[in-house]
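S.K.: Pasting in a structure now, in structure tokens, and then I'll have a few things to ask.
What follows draws every value from the coordinates through simple rules; no lab data is involved. Given the structure is predicted, the values throughout are model-derived calculations rather than measurements. Every residue, glycine among them, receives a Cβ derived from its backbone with ideal geometry; neighbour counts consider all protein chains shown.
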Amino acid sequence: MKIALLPNLTRECALQVTVDVCANLRCFGISYGFEDALCGQIPGETAFFPSERLLSDCDAVIAVGGDGSLIHAAKKAAAYQKPVLGVNAGNLAFMAGVEKNELHLLKNLMNGEYVTDARMMLEVFCQTPTKDAPVSLGYCMNDVVIARGEQIKLIHLDIFADKQPVNHYYTDGIILSTPTGSTAYSLSAGGPVVDPKIESILLTPICTHSLFARSLIFESHSEISVHIPSDAEDIRISCDGDPSFAVEPGSVLTVKKAKRYADFIRIKNDSFIDVLNSKLAQRRA
């Protein structure tokens with residue numbers, strides 16, 4: 001078995017956890033490698049390869065870090081149809097399959113004692129007034145956020161589902177998320193928690209100036225369109241917390257279910273509710 005290791009070494013404990021993961025993989029007879037961009041940053045390791053070769057040749061991906069690290073690794077893995085396992089080197093990490101004190105469970109990879117959970121993703125398109133066809137802006141594992149920029153003021157956004165009007169929001173912005181992303185920014189903005197097995201698209205307004213401020217849940221094949229006013233100033237978009245970029249006034253942003261899925265490796269028997277209660281209990285503590 002070959003593993004592509006994608007650690008986020010900017011996390012405080014990630015380097016030590018990565019070293020421990022390597023030691024366990026060697027113990028279990030599992031080969032592994034890193035992207036060549038990390039060459040020289042991991043003591044004692046010599047197996048570094050170009051990203052495309054590493055991901056195309058591997059059997060699975062292991063991401064070391066927090067939820068953000070796992071999200072970015074999952075999107076890379078999905079492009080090559082490889083399953084991904086998250087090792088938590090951070091705090092909450094809802095999406096991690098293994099904690100840093102559970103690395104002995106990595107032997108289950110070699111034994112085939114695991115299952116994979118397919119998680120839906122979103123793809124975002126932008127139709128600007130100056131172009132003839134919409135352009136794909138990329139994929140989202142968690143969410144896409146459309147919000148005001150530097151100016152501290154509300155914005156007007158018209159929302160459509162399958163070309164039918166849904167609502168006009170006067171708001172700081174909106175979040176369109178997958179069920180996986182329902183425990184992220186959407187939850188902080190008052191959105192519901194949705195089991196990832198229930199494929200759907202969540203719309204959660206951010207601090208809307210309205211009595212109707214509830215989240216909406218659409219079936220997974222809906223196409224949600226956000227119409228940006230032609231006189232809008234500094235409206236920006238961000239996918240999965242990546243750096244935002246400006247949206248041209250008069251544009252239409254369309255979010256829909258992506259054709260590709262992310263496959264998450266689960267080597268423990270805990271359910272979504274078990275993980276939810278455990279992680280949220282840490283917040284209550």
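S.K.: Take the eigenvalues of the Cα gyration tensor for the range 1-136, scale each by 5, and report the square roots as semi-axes in whole Å, largest first.
M.R.: Details: eigenvalues 163, 55, 48 Å².
Each semi-axis is √(5λ); the values are 29, 17, 16 Å.
S.K.: Could you work out the relative contact order of the chain, using alpha carbon pairs under 8 angstrom and six or more residues apart, expressed as a whole percent?
M.R.: Contact order relative to length: 19 percent.
S.K.: Name the residue, out of GLN81, GLN151, GLN16, whose mean-square fluctuation peaks in a Gaussian network model built on the chain with Cα pairs under 10 Å.
M.R.: Of the options given, GLN151 has the highest mean-square fluctuation.
S.K.: Which of GLY29, GLY149, GLY241 moves the most in a Gaussian network model of the chain with Cα springs under 10 Å?
M.R.: Answer for the Gaussian network model of the chain: GLY29.
S.K.: Around ILE3, what is the net charge, scoring Lys/Arg as +1 and Asp/Glu as -1 over all other residues with Cβ under 15 Å from its Cβ?
M.R.: 0
S.K.: Can you list, largest first and rounded to whole Å, the semi-axes you get for the range 76-176 by taking the square root of 5 times each eigenvalue of its Cα gyration tensor? Show your work: numbers first, answer last.
M.R.: Working: eigenvalues 293, 68, 30 Å².
In descending order the semi-axes read 38, 18, 12 Å.
S.K.: For the range 40-99, just say rounded, prolate or oblate: build the C-alpha gyration tensor, square-root its eigenvalues into a ≥ b ≥ c, call rounded for a/c under 1.5, and beyond that prolate if a/b exceeds b/c, oblate if not.
M.R.: Judged from the Cα gyration tensor, the range 40-99 comes out oblate (a/c at least 1.5, b/c at or above a/b).
S.K.: In a shell of Cβ-Cβ distance under 14 Å around SER177, excluding SER177 itself, what net charge do Lys and Arg (+1) and Asp and Glu (-1) give? Write down the numbers at each step before the final one.
M.R.: Numbers: positive: ARG119, LYS256, LYS257; negative: ASP67, GLU123, ASP143, ASP195, GLU199, ASP240.
Taking every Cβ under 14 Å from that of SER177, the sum is -3.
S.K.: Farthest toward the dipole's positive end in the chain, which of GLY138, ILE30, PRO196, given Cβ charges of +1 (Lys, Arg) and -1 (Asp, Glu) about the Cα centre?
M.R.: Of the listed residues, the answer is ILE30.
S.K.: Return the percentage of antiparallel bridges among DSSP beta bridges fully within the chain, rounded to the nearest 5 %.
M.R.: For the chain, the DSSP antiparallel bridge percentage is about 75.
S.K.: With only alpha-carbon atoms in the gyration tensor, what are the semi-axes of the equivalent ellipsoid for the chain, in Å, largest first?
M.R.: Sorted largest first and rounded, they come to 36, 20, 17 Å.
S.K.: Another question, if that's okay. When ILE237, ILE152 are ordered from fewest to most other Cβ atoms inside 10 Å of their Cβ, what list results?
M.R.: Starting with the residue having the fewest Cβ neighbours, the order is ILE152, ILE237.
S.K.: Quick one: which of LYS76/LYS163; LYS153/LYS256; LYS107/LYS268 span more than 20 angstrom between C-alpha atoms?
M.R.: LYS76/LYS163; LYS153/LYS256
S.K.: Now, a different point. Could you compute the net charge surrounding SER136? Neighbours are other residues with a C-beta less than 13 Å from the C-beta of SER136; K and R count +1, D and E count -1.
M.R.: My count for the surroundings of SER136 gives +3.
S.K.: Quote the charge dipole size of the chain about the Cα centre in Debye, to the nearest 20; the model charges only the Cβ of Lys and Arg (+1) and of Asp and Glu (-1).
M.R.: 460 debye
S.K.: How far is the Cα center of the range 187-222 from the Cα center of the range 20-81, in Å?
M.R.: Here the answer is 34 Å between Cα centres.
S.K.: I've got another one for you. Note down the relative contact order for the range 121-259 as a percent, whole number, built from C-alpha pairs under 8 angstrom at least six residues apart.
M.R.: Reported as a whole number, the value is 30 percent.
S.K.: In a GNM of the chain with a 10 Å cut-off on Cα contacts, which of GLY86, GLY40, GLY65 has the highest mean-square fluctuation?
M.R.: GLY40
S.K.: Right, something else. Kirkwood hydrodynamic radius of the range 173-245 from all distinct Cα pairs, in Å?
M.R.: 13.2 Å
S.K.: So what is the diffusion coefficient of the range 105-162 in µm² per second by Stokes-Einstein at 25 °C and 0.890 mPa s, using a Kirkwood Rh over Cα pairs?
M.R.: Numbers: Rh = 16.1 Å.
Answer from the Stokes-Einstein relation: 153 µm²/s.
S.K.: State to the nearest 20 debye the size of the charge dipole of the range 121-259 about its Cα centre, where the only charges are +1 on K and R beta carbons and -1 on D and E beta carbons.
M.R.: With Lys and Arg at +1 and Asp and Glu at -1, about 220 debye.
S.K.: What are the extents of the Cα atoms of the range 121-259 along their three principal axes, listed from largest to smallest and rounded to whole Å?
M.R.: Cα extents, longest axis first: 39, 34, 30 Å.
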